[in-house]
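Q: Got a structure here, written out as C-alpha cells. Questions coming.
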Amino acid sequence: MREKLEALQAEAIEKVQSSDNLQSLQDVRVAYLGKKGPITEVLRGMGKLSPEERPVIGELANKVREAIATALDNKKNLLEEAALNEQLQKEAIDVTLPGRPVKAGGPHLLTSIIEEVEDLFLGMGFEIKEGPEVETDYFNFEALNLPQDHPARDMQDSFYVTDHLLLRTQTSPVQARTMREYDGNKAIKMICPGIVYRRDTDDATHSHQFTQIEGLLVDKNVRMSDLKGVLLEFSRKLFGADREIRLRPSFFPFTEPSVEVDVTCKVCDGKGCNVCKHTGWIEILGAGMVHSNVLRMSGYDPEEYSGFAFGMGVERIAMLKYGVDDIRHFYTNDVRFLSQYHKA
Amino acid sequence: MYVSLNWLKQYVDIDNITPEELAEKITRSGIEVESIERVAPESTNVVVGYVESCEQHPNADKLNLCQINVGTETYQIICGAPNIAQGQKIAAALPGARLPGGVKIKKAKLRGVESHGMVCSLQELGIDEKFVPKDVTDGIFVFPEDTEVGTPVAELLNLDDVILELGLTPNRADAMSMLGVAYEVAAILGKEVNQPEETYQTSDSKAADLVSVKVEDAELNPYYGAFVIEDVTIAPSPLWMRNYLMAAGIRPINNVVDITNYVLLVYGQPLHAFDYDKVATKEIVVRSAKQGEKIQTLDDQERTLKGDEIVITNGNEPIALAGVMGGANSEVSDDTKNVLLEAAFFDARAIRRSSKHHNLRSEASARYEKGIDPNRVQRAGAYAARLLAEYAGGKVAQGIAAFDELDREEKQVKIDTASVNNRLGTTISDEEIASILTKLQFGFEQDNSQFTVFVPTRRGDISLFEDMLEEIARIYGYDNIPYTLPEGEAFAGKLTTKQYLKRQLKQYLQGAGLMETITYSLTSKKRTEMLVSPDVSEQAVFPVKLKMPMSEEHSHLRLSIIPELVNTLSYNVARKQENLGYFEFGRVFLSNEEQITEQPNETARLAGALTGTWMEQPWQQEKKPVDFYVAKGIVEGIFAQLDLGPVFQQAQVDGYHPGRTATVSLNGKVVGVVGQLHPTVQKAFDLKETYVFDLDIAYLMDQYEEVPSFRTIPRHPSVTRDIALAVDEAAHAGDIQRTIQEAGGELVQQVQIFDVYQGEHMEAGKKSIAYTVLYQDPTRTLTDEEVEASYNNIIENVKAKHDAELRS
Ligand SMILES: [Zn+2]
C-alpha cells in the first residue's frame, strides 16, 4: 500500500507539472483528491490493514494528499501569474501618445493680486469691506475733506449721474462709510478693494475703469511710524523680503501728513534702470495720517483717535509685478493674456 | 512750474549743490521734481556775430550771402532766414560748432558758394518753439544792438541753464513763484532768502488823481491797487528777462507785458497792465458780471458772461475778466504810452468758477484759484513799477489808487513737542522743532515744548495742527521716522462668509475649466436692452445713465454681464481663439427710477459664457462641442457649492434660443437663466453656438446656511427601485422627476435619471425615461411594504399627471 501511495503521489505530481492551464489543473485536483479519487480509495481499504499499520498508512496518505495539494496550489499560482502577465501584456498602450486635455480655467490677474493683498492684510488683522460704486457726492468727496470748490476736486475727472450721485473716483468712501458704521468709538482695521471710475480716455496707461485697494486703521494712539511699519511689512511680502521702502511728501485731502510710498526697484535692485527711471525706486502707493476733519466728520474725536490710510492701484501693482505694458489688457480679456498668468 | 536755476540763484544760494542733488532734496522733502532739463547743453562754438553785409546769393533767390564779423575774424556764411539784414547781431555757429540734436557745423558749399557756418534761430539753439517770441519763430533771433560781438550765445541766452520741472500738489500754491521755491530751497539747505529790490523813483503825478478805484463787493475783491506809469516806450524786454520767461514756458511779447509776467513768476502775484488811455473814463469799477454781458478777451474770443464772474470795468463796460484774462478793448499795444497796472487780490473760488466756466486757464487764474499771498500784492506791484521805469522808460506816479479791505494777518497755530512725537512715533526734541521752524522762516514763540507758530501768509495752506505736523515731518525727514507696528490689539482678520463663498465659487468655476474675466461696467444703451436675465427684467428696472458720457459705448451702467461676456467671446473668436469658457463675478446696477435720484441697487451676479469645443482628444477622434448640458452642469455645480437645489424650467427669454433655454429657480423664485444664445444674437456677435448662464448670486449666497444642520450618516441599507416610463416626447424629465420625488414621500432620498430613449422600440411621438429611486431611512431598515406603497403611489401619480405608461 505504501508503494501504491508513493506511486500515486509521483503520478499526480507528474500530471500537475504537465498541466498548462487552470482547467486541466482542476481536473487533476478532482482526479486525485476528489471523493472518488484513488487516495480516498486507499483510505477506504484501510480496514484490511493491521491496527499497527493503520496509523502509519493513514499518516502517509495524508502526507501524499498534502504534497499533491501543495503542488496543485503552487502550479495554480504559477499559471495565474502567467495568465495575468499575458493579460497585462495585452493591455499595454502607447504611453507616448498625448494625454486627454483638461480644460484649464483660472483667475483674472487682477483677482490674483487683490486676493494676495487681501490675504496679506487679513494676516495683519484687517477686515475686508465693500461699498457702492454709484456713490453720493458726500461720501466720495465731502466726507473726505474735499468740499465743493476745492481745487483738488475737478468735476471733469468724474462721471456724474445726477448732481449729487457719481461713479466713485476712489474706494475711500468705503472708509468714510465704515467710520460712520463704527460710530466713532471702535478701532477700525480695514481694507476695501473695488472698482473705481475716472474720466480718462483709455490708452496704454489710462483706463476709465480701474481697481483700487485702500486701507484704514483708526485707533487710539496710531503713529506715522506704524504706517511705515505696516507698509514695509506689506511691501516685503508682496514684492520680496529684501525690499526697502521710502516715503515722499505728497498731498491728499483725506490725509495729513500725506506721502507717496516707493519700493526699491526689483529689476535693478535699487541701482537704477529704465523701469524705475534710473531712481532705483518705484512708486506703489499713496498714504498718510487721517485728516482730523475726516475723523471729526465721521464721528471720531481727533483728540482721542488717530489713524492712517493708504491706497494703491491694483493694475499698477500688476503691471509692476508682472511687467504688463498696457492697462487695456486687463479689460479686453484676451484669452492669450489671461492664461499667461495661471499657475496651474 | 518750471524753475530756472540761474534765476533761482538770485534769491537763494545754490552754488554748492548739483542740480541732481538739489532735485533729489526737493523731491524728498516736499515737492516732486518731475524732470531736470538743460536748455541746450550741446551748443558750443556759437557766438554773437555782426552782419557786415548781406546780399542775395548769386545762384539762389531765397538764400543770402553774408559776411559775419565775430570779433576776431569775418566769416562768409550763407543764410536762408527771411529776416536777416545788414547791421544785425545774430547767433553764428562757426565751423566745429555743435548744436542740439547732434548737429555738427562744417564748412560747406551751397549752390557753388562756400559757407563757413550757420546763422541760428532760437529753435536751432534748442529752445522750444512754443516759447519763442512770435516775430522770430520763422527766422533768426536778433540780439540787442549793445551786445558784444564774439560773446558765446550760450551765456547770453542762458543755454547752460538747468530747468527743474516741479509737480505741484494743490496745497503747495506757495511754490508757484520763484520766491516760494526759494523759501522751500532755503528751508531744505538752511539758507537765507534774498528779496528783490522794490523801491522806485516817482514822478510828480499822483495815481489817485489819474484814476479812481471802486470795488462793489469786498468779499470778492478785498484789495485792488492801481499804479500808473506814464510815458512808457514799448520795446522788447531785456534779453535776460526774455530768457527767464522762455525758461518758465512763457512767450515774450513786449517789455510791459513781459514785466507783468516776470513779476508774476517772481512773486506768484498776477498783475495786469491796461493801456491807461484806453480806459477812457479814468475809472476802475470792480463788480460782478451781469448775466449776458459780453467781453472780448485777449485771446480774441468773445465771451458771454454768466453773471457770477468778477469783472473789471471802466464804469460802463468790462475791460477785463478779473483774475483770468484782460480785455481786448484795453490791451497794451505797440503805441501804448501810459500804463495802468493792476495789483489785486481776488477771491479764489470766484476765479476758479470763472476760469472753469469759460474753460480758460491762465497763469493768473492758476494762481488766484489756489490762493495768493496777501502780503505780496503791493510788493509785486511796486517791483513791476520799478522795472517799468527801468526797462520801459516809464515815469511812475506817486502812490496807489486803491481799495483795501484785505486781511494780512498771520495765522497762529499751536503745537507742542509731545503731540508731534505722539503722532509721528518719533523722539524729536524741542530744539529740533525750533530749528525746523527757523529753517522754514516761520515766526514762533516758544515756551519749553509749547510753540505758537505765526504762519507766514505765503503759506495759505497751513492753519491746523496737522498742517504744521506735516511741515515738521517733511523737514525732519520721513526717513528718520522709525518703523513700528500698531499697538492695538492684534488678531487675525477673517473673510466674511460671503467673501469666502465668492472665492470658493470662483475656484469651483476655474476648476470647471472657466477663465475669469473683468469687463467694463459702463456700456452702451443698446447693450442694457439685451440679454437681461428674466429675474431682472421682471422687476421694473432702468439702467443708470451718465450725465456726460465720454462716448456712447460707455454711457450706461450695465443691467447684465452677459452682453459684455458675449462681446469678450466675440473679441477672442475674431482672433482665432475659438474654444472658450468665461465667467465673471461682478455687479449690475438696477435703478427703479426712470430719472434716477437715489443710489441704484448694486447687486452681484455670477455669469458665464461658453462656445466652441468643450473636450477634444484629436487622435481618438473625440470632439465634444459645448452644449446646453455643459452649461447646466456648471450651474448645478454652483448650486452644489452653496448646498442649494435649483429647479430648471423651459422658458422663452429674449435673446435666447426658444427651445434650449431654462430659467433657474430656487424656492419658487426665478434667480437666473441658462441657455443658448438666439442664433440671431450669435450672428450679430459672429459667434457659433454659444451657451450662457446668469445667476443672482447675491440672493443665492444669502440662502446659504453657514452651519448646515448635522446629517446622520446612514447605518441602515438603502433600497433602490427602477422605474421606466413611456411618455410624450415633449414631456420634461425634470417635471416627472419632481412628481416622483413628491409622490414617493419622505423615504425617497434621491431620484436619478439613468436612461432617456426615443426611436425604434418606441411608439411614434413617445420617449422612454428611466429613473432610479433610492429609499433610505437613516435610523432603521426599511420594510418591503412601505417601499412598495411608495412605489405604487409614484406610479399612480406619474400616470395621472404626465400621462405616463409603465414599461416592463
Ligand atoms: Zn530699476
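The values are calculated or read from the model by the stated rules, or taken from the named source; none is laboratory data. Because the structure is a prediction, the values reported are computed rather than measured. Neighbour counts are summed over all protein chains in view; Cβ atoms, including those assigned to glycine, are modelled from backbone coordinates with ideal geometry. Just so you know, the surface numbers come from the protein's heavy atoms only, side chains and all, with ligands and any DNA or RNA stripped out. Shrake-Rupley method; radii C 1.70, N 1.55, O 1.52, S 1.80 Å.
Q: Where does segment A:2-91 land on the Kirkwood hydrodynamic radius, alpha-carbon pairs, in angstrom?
A: Taking the inverse mean of 1/r over all distinct Cα pairs, segment A:2-91 comes out at 14.2 Å.
Q: Rounded to the nearest whole Å², what accessible area per residue is found for chain A with the 1.4 Å probe?
A: Ligands and nucleic acids excluded, the result is 46 Å² per residue.
Q: Continuing with the same structure: How about segment B:504-536: which of its residues lose at least 50 Å² of accessible area in the presence of all protein chains relative to their chain isolated, using a 1.4 Å probe?
A: Buried by 50 Å² or more upon assembly, which counts only protein chains, are B:Gln510, B:Met515, B:Glu516, B:Ile518, B:Tyr520, B:Leu522.
Q: Compare the peptides B:554-562, B:228-236, B:426-434 by average per-residue count of other Cβ atoms within 10 angstrom and give them in order, highest first. Provide the component values of the computation, followed by the final result.
A: Working: B:554-562: 24.9, B:228-236: 19.3, B:426-434: 15.6.
In decreasing order of mean packing, B:554-562, B:228-236, B:426-434 become B:554-562, B:228-236, B:426-434.
Q: To check my understanding: the extent here is largest minus smallest coordinate of the Cα atoms along each principal axis. What are those three numbers for the protein assembly as shown, in Å, largest first?
A: 167, 74, 69
Q: State to the nearest 20 debye the size of the charge dipole of segment B:1-149 about its Cα centre, where the only charges are +1 on K and R beta carbons and -1 on D and E beta carbons.
A: Computed about the Cα centre, the dipole is about 540 debye.
Q: Next up: Using alpha carbons only, how many degrees (0 to 90, rounded to 10) separate the axis of helix A:2-18 from the longest principal axis of chain A?
A: Rounded to the nearest ten degrees, it is 40.
Q: Over chain A, what percent of the accessible surface lies on carbon and sulfur atoms, probe 1.4 Å? Don't skip to the end; give the middle numbers.
A: Working: 7970 of 15720 Å².
Percent of accessible area from carbon and sulfur atoms in chain A: 51.
Q: Using the scaling law 2.2 N^0.38 Å as the reference, what is the normalised Cα Rg of chain B?
A: Numbers: Rg = 41.3 Å, N = 808, 2.2 N^0.38 = 28.0 Å.
Cα Rg divided by the expected 2.2 N^0.38 Å: 1.48.
Q: So if the hydrodynamic radius of chain A is defined as the Kirkwood radius over C-alpha pairs, what does Stokes-Einstein give as its diffusion coefficient at 20 °C and 1.002 mPa s, in µm² per second?
A: For the chosen part, D equals 80 µm²/s.
Q: Charges at C-beta only: +1 for Lys and Arg, -1 for Asp and Glu. How large is the resulting dipole of segment A:110-341 about its Cα centre, in Debye rounded to 20?
A: On the way: 25 positive and 37 negative charges, 127 e Å.
That gives segment A:110-341 a dipole magnitude of about 600 debye.
Q: Across the residues of A:157-170, average count of Cβ atoms on other protein chains within 10 Å? Could the numbers behind the result be given before it?
A: Numbers: counts 0, 2, 9, 3, 11, 8, 2, 2, 7, 2, 6, 0, 0, 0.
Mean number of neighbouring Cβ atoms from other chains: 4.
Q: Just the accessible area per residue of chain B, please: how many Å² with a 1.4 Å probe? Could the numbers behind the result be given before it?
A: Details: 36530 Å² over 808 residues.
On a per-residue basis, 45 Å².
Q: Using the Cβ atoms and a cut-off under 14 Å, what net charge is assigned to the surroundings of A:Lys75, where Lys and Arg are +1 and Asp and Glu are -1?
A: -3
Q: Order the peptides B:726-733, B:644-651 from the highest to the lowest mean number of other Cβ atoms within 10 Å of their residues.
A: Values: B:726-733: 14.4, B:644-651: 16.0.
So the peptides B:726-733, B:644-651, ranked by packing, come out B:644-651, B:726-733.
Q: At most 15 other Cβ atoms within 10 Å and a DSSP loop assignment: could you name the GluC sites (Glu not before Pro) in segment B:73-130 that fit?
A: B:Glu73
Q: What does the structure give for A:216-223 when I average, per residue, the other chain Cβ atoms found within 10 Å of the residue Cβ?
A: 4
Q: Something else now. Kindly flag which residue pairs out of A:Lys220/B:Lys494; B:Lys191/B:Lys395; A:Lys129/A:Lys228; A:Lys103/A:Lys237; A:Lys129/A:Lys277 have an alpha-carbon separation exceeding 27 Å in this structure.
A: Table pairs above 27 Å Cα-Cα are B:Lys191/B:Lys395; A:Lys103/A:Lys237; A:Lys129/A:Lys277.
Q: Among residues other than B:Ser560 whose Cβ falls under 9 Å from its Cβ, what is the net charge (Lys/Arg +1, Asp/Glu -1)?
A: Counting the neighbours of B:Ser560, the net charge comes to +1.
Q: Report the equivalent ellipsoid semi-axes for segment B:44-156 in whole Å, largest first, defined as the square roots of five times the eigenvalues of the gyration tensor built from alpha carbon atoms.
A: Over the Cα atoms of segment B:44-156, the ellipsoid semi-axes are 19, 16, 15 Å.
Q: Going by average Cβ density within 10 Å per residue, which order do the peptides B:763-773, B:358-368 take, highest to lowest?
A: By packing density, highest mean first, the sequence is B:358-368, B:763-773.
Q: Just the number, please: buried accessible area between A and B, total of both chains, 1.4 angstrom probe, nearest 100 square angstrom.
A: Summing both chains' loss of accessible area gives about 7800 Å².
Q: Continuing with this model, one more query. So which of A:Lys35/A:Lys90; A:Lys271/B:Lys130; A:Lys189/A:Lys321; B:Lys214/B:Lys337; A:Lys321/B:Lys632; A:Lys321/B:Lys502 end up more than 31 Å apart by C-alpha?
A: In this structure, A:Lys35/A:Lys90; A:Lys271/B:Lys130; A:Lys321/B:Lys632 lie more than 31 Å apart at Cα.
Q: Using only the alpha-carbon atoms, how far is helix B:784-802 inclined from the longest principal axis of chain B? Give it as 0 to 90 degrees, nearest 10.
A: In chain B, helix B:784-802 runs at an angle near 70 degrees to the longest axis.
Q: In addition: Taking every residue in B:424-432, how many Cβ atoms of other protein chains lie within 10 Å of its Cβ, on average?
A: Shielding by partners across B:424-432 averages 2.
Q: Just the number, please: Stokes-Einstein D of segment B:202-404 in µm²/s, Kirkwood Rh from C-alpha pairs, 4 °C, 1.567 mPa s.
A: D = 78 µm²/s.
Q: Now a separate question. With all pairs of different alpha carbon atoms counted, what Kirkwood hydrodynamic radius in Å does segment B:411-477 show?
A: About 11.6 Å for segment B:411-477.
Q: Enumerate by residue number the GluC sites (Glu not before Pro) in segment A:1-69 meeting two conditions: DSSP loop (anything except H, G, I, E, B), and at most 13 other Cβ atoms within 10 Å of the site's Cβ.
A: Listed in order of number, the matching sites are A:Glu52.
Q: Can you check what the net charge comes to around A:Met190, using other residues whose Cβ is under 14 Å from the Cβ of A:Met190 (Lys, Arg +1; Asp, Glu -1)?
A: Overall, the nearby charge balance is 0.
Q: Then there is this: Can you tell me the orientation of helix B:562-573 relative to chain B, as the angle in degrees between its alpha-carbon axis and the longest Cα principal axis, to the nearest 10?
A: So the helix axis and the longest Cα principal axis differ by about 80 degrees.
Q: Right, here's the next one. With each run of n ≥ 4 DSSP H residues scored as -39500 (n - 2.57), what mean residue ellipticity at 222 nm is computed for chain A after dividing by its residue count and rounding to the nearest 500 deg cm²/dmol?
A: Taken over chain A, the calculation gives -13000 deg cm²/dmol.
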